[in-house]
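A short worksheet on the structure shown next.
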Amino acid sequence: MEYIDPHIHMVSRTTDDYETLARMGCVAMSEPAFWAGFDRGSVESFRDYFRQLTQFEPKRAAQFGIKHYTWLCINAKEAENVSLSREVIAMIPEFLSAPNVLGIGEIGLNKNTKNESTIFLEHVDLAVKYNQQILIHTPHLEDKYQGTRMILDMLMGDSRIDRSRVLVDHVEEHTIQAVLENGFWAGMTLYPVTKCTPQRAADMIERYGPERLMANSAGDWGPSKPTAIPDLIMELKRRGHSRELIRRVVYDNPVAFFSQSRQFLPLENS
Amino acid sequence: MSTDPKLHRRSAEEILADEFLQARSRILDLAAFLDRLERAPGSAEQEARMRLLAEGLEILCDDEVGKAQRVQLLMSRDYDPAWQTKYGIH
Ligand SMILES: [Zn+2]
């Protein structure tokens, strides 16, 4: 079945992974900017990273017939460095008209600190100013509930935000409801150990229905599984769900969400 | 957006038949983990994480619904609705 992975970090993956994903039905993906596993030293590192995301990765993906889109920001972990963050935010507009940029992301919180919150709000301001969509990272483990609520407070406190153009990622059982009932899109991340299994993601689809709900692998340089969406497809099939339902979550929903960005081009359906 | 495609609903009997072995194996994993702690030198008894695990296991056995969500909340830091004032952020 054809599918889209709306959150995957391909700069950390091999070309063999692209080939495997293509064989498994991945036709498009979006790659939010995130943490490299170490803190970068200067704004120039980010400029090079954004060149990689906007120029190099789309070519690598295209070799396997996969459309590569991206989101730009300085991630929540490095946002603790406020002065560097402001330099990066000031530089981002240089890249916003690149043909594969869908918006600002993945912005969010990590340890739910004051500095992270300050930089989150400055990113939101940038997105509003440039009419960009937003992709949001919510914290992990014991920080997720608190951080997600803080993020929703900041977004809902800003009347300029169009909630249908915001995707809140890494939702789990205790955060999904607040995200969906306030009109945002929600993404479930299938990730070994720390996040959500295909079974629990299938449970959330059964509980909340497919509206404004997506799934992603968040495959990155850590222990993660870039082919996690096919695992979810298998689980939904095993439970007897229709092709139409499955396609809604793994294909139609990402297309509907991405289509709100003028850079997103219709995919050729085969 | 089009109307929602219909969700297929499995019966409780079907779910049990499909997933009994999986649940059985997870209970065994937990049981073996607790045995491992017991056999090991030293004691983790007083650690906060042990209390969290014990409370999590109680949620599995009680009569209330929403177990996954309740285990998640048990393992979460508290949210303070007045956080923005405390941080001086608006
Ligand atoms: Zn990510």
Hey, any hits in segment A:136-147 for a residue that's at pLDDT 95 or above and within 23 Å of A:Val43 (Cα to Cα)?
yes
From the list A:Gly209, A:Gly222, which one is within 16 Å of the ligand (Cβ to nearest atom) and either surrounded by fewer than 21 Cβ atoms within 10 Å (Cβ to Cβ) or more than 21 Å from A:Gly105 (Cβ to Cβ) (or both)?
A:Gly222
Taking segment A:225-240 as the region of interest, how many residues are of a type in the set (A, V, I, L, M) and within 16 Å of the ligand (Cβ to nearest atom)?
2
Could you list, in sequence order, all residues of segment A:67-80 that are touching a residue at least 40 places away in the same chain (Cβ under 8 Å) and crowded, with 21+ Cβ neighbours inside 10 Å?
A:His68, A:Tyr69, A:Thr70, A:Trp71, A:Cys73, A:Ile74, A:Asn75, A:Ala76, A:Glu78, A:Ala79
Looking at (1) away from the ligand (no atom under 16 Å from the Cβ); (2) not in a loop (DSSP other than H, G, I, E, B), which is the only condition A:Thr148 fails?
(1)
Of (1) touching a His at 6+ places or on another chain (Cβ under 8 Å); (2) more than 30 Å from A:Trp185 (Cα to Cα), B:His8 satisfies all except one. Which?
(2)
Elements of type helices (runs of 4 or more DSSP H) contained in segment B:2-87, each with 2 or more residues being at the interface with chain A (Cβ under 9 Å from one of its Cβ atoms):
B:12-39, B:67-74, B:83-87
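The values are calculated or read from the model by the stated rules, or taken from the named source; none is laboratory data. Just so we're clear, the structure is a prediction, and the values are computed from it rather than from any experiment. Cβ atoms come from the backbone with ideal geometry, glycine included; neighbour counts cover every protein chain shown.
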